[in-house]
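Peer 1: After the structure tokens below, expect a handful of questions from me.
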Amino acid sequence: MTAPLAIHGGTPLRRGGWPVWPMPAPGAAAALEEVLDSGRWSISGPYRGQDCFDRRFAAAYARYHDVPHCVPCASGTASLMMALEACGVGAGDEVITPALSWVASASTILGVNAVPVFADIDAATLCIDPAAVADLITPATKAIVAVHLYSAVADLDRLTALAARAGIPLIEDCAQAHGATYRGRKVGTFGRVGAFSMHHTKVLTCGEGGAAITGDAELAQRLHYLRADGRRFSDMPPPAGHSDLLEGGELMGSNRALSEFHAALLLRQLDRLDAQHAHRAGNAAILDGELARLGLQPQQSSAGTTDRCYFGYAVAFPRGLLEGVALGDVAAALGKELGMVIKPVYPPIYRSPMYLPHSRSRFALSDEHLARIDRARHACPVAEDAAGRTVTFHHAALLGSAADMADIAAAFAKVIEHLDALRRPSSH
Ligand SMILES: *Cc1c(COP(=O)(O)O)cnc(C)c1O
């Protein structure tokens, strides 16, 4: 037996720190200063003789994905709501979304007055299970949202085929998957819209931000109107000092614009994305091998995946191993050994303490609507099983060294060796 667990007063396995996220890219400070002195802090500010940073970032991010259109916005939440509305989803429509994800994958559907319908997940990839989706499609289904979760890409072959057969759009929630590829093509380009978050935690970030990409010119126009109070950029530059946003279009919007500071920062951060991506993937491969040797089950990605994006590293304990042990206690013990945060994966959204449709009167449209959005209607056993035995940690740790990966594996080994010490007396 090794020394007692750190959580029980033993010596932690590791003393050193971990890479700090976010990491400012070279040129980030200069880019922010450039905006500061530019006389334009928002897309709504006056035209100053060159494209604003929002348009420059949009062009760069569209090019990165090899698609014609990108509309930056204030958050991943905004990008999902814009995507849903631009696809024509509205009051009373059903939208299929995975049971296991961040709460926004469902709250955004409620946010456009539609009804989230939770599909169970694939046990190996933790992503939405196409077979479950097929069972849930009804005449009321108006869209499917697929989430590329933690480090996996959802089964895009089957999801795109299902959506095409049903004649409904697939929306890819790529908040955790910037730069991942499937059959050699970037994710976000398989659905009608790819929705991204540039929140602090994400692999491409400016603190708070988002973007929606699409290959469809008309849909892109609707995304523009939806994010800028019904305005879009003019095709020709205006005289300097005038706005290059045209007022009045076909569609009422809301203000979900990204500030010029955020757009300028994203442009710089984008330069580092691919190198960081490769660094994480190399470490994840090391860790996959070491944790598999311990009998653990690292998250897999669907068969067509050509390059994964590690937003989070997720690994499951084999069924039965944690009998009588709370997953939260295991995660806390691991975290204490390593001096970092390790958490159980998301609970199924319909069990999340943050998913409370009835807590907001804006959704009390009718008794019938309230019944349709009642979270007690849902049960997804695969998601519940995964949530009970899978832990995850943030991608910053994967930006460390190979020796750091050995430490992570050693912490898992130590905690497994001491599982008895974590067993709760009441369970005997
Ligand atoms: C982060 C995230 C969102 C929401 O993005 P915000 O920028 O926080 O609004 C949506 N879906 C998933 C899967 C996410 O991880």
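Peer 1: Counting only protein heavy atoms and a 1.4 Å probe, tell me what percentage of the stretch 155-194's accessible area is made up of carbon and sulfur.
Peer 2: Answer for the stretch 155-194: carbon and sulfur cover 46 percent of the accessible area.
Peer 1: Sticking with this structure for a sec: Give me the percent of the accessible area of the stretch 1-107 that comes from carbon and sulfur atoms, probe 1.4 Å, all protein chains in place.
Peer 2: 56 percent
Peer 1: Compute the distance from the alpha-carbon center of the stretch 60-109 to that of the stretch 157-226, in whole Å.
Peer 2: Comparing the Cα centres of the stretch 60-109 and the stretch 157-226, I get a distance of 7 Å.
Peer 1: Under the Karplus relation 6.51 cos²θ - 1.76 cosθ + 1.60, θ = phi - 60°, what is the ordered set of whole-Hz ³J(HN,Hα) values for the stretch 199-204, x standing for Gly and Pro?
Peer 2: Using θ = phi - 60°, the values come out as 5, 2, 6, 7, 6, 10 Hz.
Peer 1: Ranked highest first by average number of other Cβ atoms within 10 Å, how do 312-318, 371-377, 291-297, 181-187 line up?
Peer 2: Top to bottom by mean Cβ count within 10 Å: 312-318, 181-187, 291-297, 371-377.
Peer 1: Work out from phi, with θ = phi - 60° and the Karplus expression 6.51 cos²θ - 1.76 cosθ + 1.60, the ³J(HN,Hα) of each residue of the stretch 385-400, listed in order in whole Hz, and give x for Gly and Pro.
Peer 2: After applying 6.51 cos²θ - 1.76 cosθ + 1.60, I find 4, 4, 5, x, 9, 10, 10, 8, 9, 5, 5, 4, 5, 6, 8, x Hz.
Peer 1: Just to confirm, what accessible area per residue do you get for the stretch 166-215 at 1.4 Å probe, in whole Å²?
Peer 2: Per-residue value: 24 Å².
Peer 1: For the stretch 80-131, with every protein chain kept in place, what is the accessible area per residue (1.4 Å probe, Å²)?
Peer 2: 20 Å²
Peer 1: Oh, and also: Note down the magnitude of the dipole of the stretch 269-428 about its Cα centre, charges +1 on Lys and Arg C-beta and -1 on Asp and Glu C-beta and zero elsewhere, to the nearest 20 debye.
Peer 2: My answer is approximately 440 debye.
Peer 1: To continue, here is another question. When the chain is fully extended, how far beyond the present Cα-Cα distance does Arg55 get from Val341, taking 0.36 nm per residue of separation?
Peer 2: 99.3 nm
Peer 1: Check Gly230: other-chain or 5+ apart residues with amide H under 5 Å from its amide H, H built from backbone geometry?
Peer 2: Gly253, Ser254
Peer 1: If you look for lysine pairs in the chain that are eight or more places apart or on different chains, how many of them have Cα atoms under 24 Å apart?
Peer 2: Value for the chain: 5.
Peer 1: Got a sec to turn the phi values of the stretch 52-63 into Karplus ³J(HN,Hα) couplings, 6.51 cos²θ - 1.76 cosθ + 1.60 with θ = phi - 60°, whole Hz, x for Gly and Pro?
Peer 2: Per-residue couplings from phi come out as 5, 5, 4, 5, 5, 5, 4, 5, 5, 6, 5, 4 Hz.
Peer 1: Also, quick follow-up: So if R0 is 30 Å, what FRET efficiency would Ser44 and Ala217 give, r being the distance between their Cβ atoms, rounded to the nearest 0.05?
Peer 2: The value I calculate is 0.80.
Peer 1: Run the accessible area of the stretch 259-316 with a 1.4 Å probe and give the carbon-and-sulfur part as a rounded percent.
Peer 2: Reported share for carbon and sulfur atoms: 53 percent.
Peer 1: While we're here: Under a 5 Å amide H to amide H cut-off, with H placed in plane at 1.01 Å, what residues pair with Val117 once short-range neighbours are removed?
Peer 2: Val95, Ile96, Thr97
Peer 1: Can you give the charge dipole size of the chain about its Cα centre, rounded to the nearest 20 debye, using +1 on the beta carbon of Lys and Arg and -1 on the beta carbon of Asp and Glu?
Peer 2: Approximately 460 debye in magnitude.
Peer 1: In debye, nearest 20, what is the charge dipole magnitude of the stretch 19-149 about its Cα centre with +1 on Lys and Arg Cβ and -1 on Asp and Glu Cβ, if you could check?
Peer 2: Charge dipole, the stretch 19-149, about its Cα centre: 420 debye, nearest 20.
Peer 1: If you don't mind, another one. How much length is gained on full extension from His242 to His8, taking 0.36 nm per residue of separation minus their Cα-Cα distance?
Peer 2: Contour length minus the Cα-Cα distance gives 77.7 nm.
Peer 1: Summing -39500 (n - 2.57) over the DSSP H runs of n ≥ 4 in the chain and dividing by its residue number, what mean residue ellipticity at 222 nm do you reach, to the nearest 500 deg cm²/dmol?
Peer 2: -10500 deg cm²/dmol
Peer 1: Could you order peptides 334-342, 257-265 by the average number of other Cβ atoms within 10 Å of their residues, highest first?
Peer 2: Those peptides, ordered most packed to least, come out 257-265, 334-342.
Peer 1: Which FRET efficiency, nearest 0.05, do His369 and Glu250 yield, Cβ-Cβ r, R0 25 Å?
Peer 2: Efficiency computed from Cβ-Cβ geometry: 0.40.
Peer 1: Further question on the same structure: Taking a quarter of the surface of the Cα convex hull of the chain, what do you get in nm²?
Peer 2: 22.1 nm²
Peer 1: Now, a different point. Name the residue from Ala31, Gly17, Leu80 whose Cα lies farthest towards the positive end of the charge dipole of the stretch 1-80, charges +1 on Cβ of Lys and Arg and -1 on Cβ of Asp and Glu.
Peer 2: It is Gly17, whose Cα lies furthest towards the positive end.
Peer 1: On to the next question. Over the stretch 218-296, with the other protein chains present, what is the accessible area per residue in square angstrom, probe 1.4 angstrom?
Peer 2: Result: 48 Å² of accessible area for each residue.
The values are calculated or read from the model by the stated rules, or taken from the named source; none is laboratory data. None of these values were measured; they are calculated from a predicted model. For neighbour counting, all protein chains shown are included, and Cβ atoms are generated from backbone atoms with ideal geometry for every residue, glycine included. These accessible areas exclude ligands, DNA and RNA; they are computed on the full protein's heavy atoms, side chains included. Shrake-Rupley method; radii C 1.70, N 1.55, O 1.52, S 1.80 Å.
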